[in-house]
Amino acid sequence: MRKLWLLLGICSLSLQLNAQKAMTSQDSIKVFYDKLLPLLKSDYVYKKEVDWKTVSSETNQNLKKYNDFKSSLKETEVLFGKIKATHCKVIYKDKVYGVTLKASAENLSQQWKDKYATKPGFEVKVLDGKVGYIMMPGIKSLDFSQENTHKTAQSMYDQIAEIKAKNKLQGWIIDLRFNTGGNSAPMLLALYDFLGDNDIWGTVDVNKKQKSKVRMEKGKYLDNSKKTSHINPSGELLDQAKVAVITGQLTASSGEVTALAFKGRPNTIFIGEKTFGMTTANVNVELPFSTMLILSVALDTDRNGIYYDPIIPDIAVSKQDNFNDLLADKNVQEAISFISKK
């Protein structure tokens, strides 16, 4: 990661030097892509699979058709497509540029589409008087600070802890069907009681060599032993409780990381559909003109260093969602059956 920080320093210096003279639109475009292309070439996880000479030549040729910097960012969509960087994004003035991946609507149940249209949020409740149910959606905030992560996670954790304290439950369902990504740290911290004091996920390079490991310890979120945020836990841990994780076709990115954290956990089953398959680890890199690059630098793994692309459920259930009556939802029915078994 020192390499990335060094590049950030170079970017800042370039901005200061270029600020001393008026820049044309083509100058701005060149400054930006002269930083972006080398960064991709040096740190993109699949960099060795790319013909960089051809890609760079074609990109620079294409850039000649743009009249201003903002419009030139559309070329990142072409560039990322060529190198298959489907998880990489450029963010400029709250607009996101990158390859747009869409799931086929015909493969999604009407119940799923109707519920998704309501922008479902986090919820926790008791089903049938005996099973805890947690809907964990994506968390899209770009504020990755310790303070914001703690605030977001603690609110969700406290709701889970209240249900835990007031009910004697046989087990829990964690529903990730609407978790299309975002920031995984608050999601995982909110689920601390189920994960306990353990390694929960990590990253490897393309040769499956360990690059990083994430652990939870007494409510602290430790990335390579460095605390990045925390929650204040209460009550007993549920790390041995029965848990059913429900995944769907659009469980993606950090939603998949959240699912991965439960791989290797005892008394756990995966139900539903295979996930989207966006299991690359990203870092945020500042680039010229207040742009942010979301760059895929490694592959996500479970606590045991195993890489999944995508995550395949233990029990397959497709297009049998029922969010109006969860007890009639086939995924939930399978989950309760697993939890109820002695």
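The values are calculated or read from the model by the stated rules, or taken from the named source; none is laboratory data. From a predicted model like this one, the values you see are computed outputs, not experimental measurements. Positions of Cβ are generated from backbone atoms using ideal geometry, with glycine treated the same way; all protein chains shown enter the neighbour counts. These area figures cover heavy atoms from the full protein model, side chains too; ligands, DNA and RNA do not enter into them. Shrake-Rupley method; radii C 1.70, N 1.55, O 1.52, S 1.80 Å.
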From 205, 223, grab the single residue that is of a type in the set (D, E, K, R) and free of Cβ contacts under 8 Å to residues at least 60 places away in the same chain. 223
Evaluation of residue 182 against (1) closer than 14 Å to residue 258 by Cβ; (2) open to solvent by less than 10 Å² (accessible area, probe 1.4 Å) (one fails), failing number: (2)
Given the conditions (1) at pLDDT 95 or above; (2) open to solvent by 40 Å² or more (accessible area, probe 1.4 Å), which single one is not true for residue 171? (2)
In the stretch 181-202, which residues are in a strand (DSSP E or B) and over 20 Å from residue 138 (Cβ atoms)? 199, 202
Is it the case that residue 127 is open to solvent by less than 50 Å² (accessible area, probe 1.4 Å) and more than 29 Å from residue 340 (Cα to Cα)? no
Given the conditions (1) more than 30 Å from residue 130 (Cβ to Cβ); (2) not in a strand (DSSP E or B), and given that residue 221 satisfies all but one, which numbered condition is not satisfied? (2)
What's the total number of residues in the stretch 296-337 that are open to solvent by less than 70 Å² (accessible area, probe 1.4 Å) and within 30 Å of residue 44 (Cα to Cα)? 14
Some residue of the stretch 256-270 being modelled with pLDDT under 95 and surrounded by fewer than 22 Cβ atoms within 10 Å (Cβ to Cβ): no
Go through (1) modelled with pLDDT of 50 or more; (2) part of a helix (DSSP H, G or I) one by one and return the number of the condition residue 23 breaks. (2)
Look through the stretch 56-74, keep the residues that are touching a residue at least 24 places away in the same chain (Cβ under 8 Å) and under 16 Å from residue 293 (Cβ atoms), and return whichever of them is surrounded by the most Cβ atoms within 10 Å (Cβ to Cβ). 73
Residue hits (the stretch 99-118; at pLDDT 90 or above, open to solvent by 50 Å² or more (accessible area, probe 1.4 Å) and under 28 Å from residue 80 (Cα atoms)) are 116
Taking the options 184, 145, 141, 104, name whichever one is without any contact (Cβ under 8 Å) to a residue 12 or more places away in the chain and under 17 Å from the mean Cα position of the chain (by Cα). 145
The lone condition residue 162 fails out of (1) touching a helix residue (DSSP H, G or I) at 6+ places or on another chain (Cβ under 7 Å); (2) farther than 21 Å from residue 298 by Cα; (3) surrounded by fewer than 21 Cβ atoms within 10 Å (Cβ to Cβ) is (1)
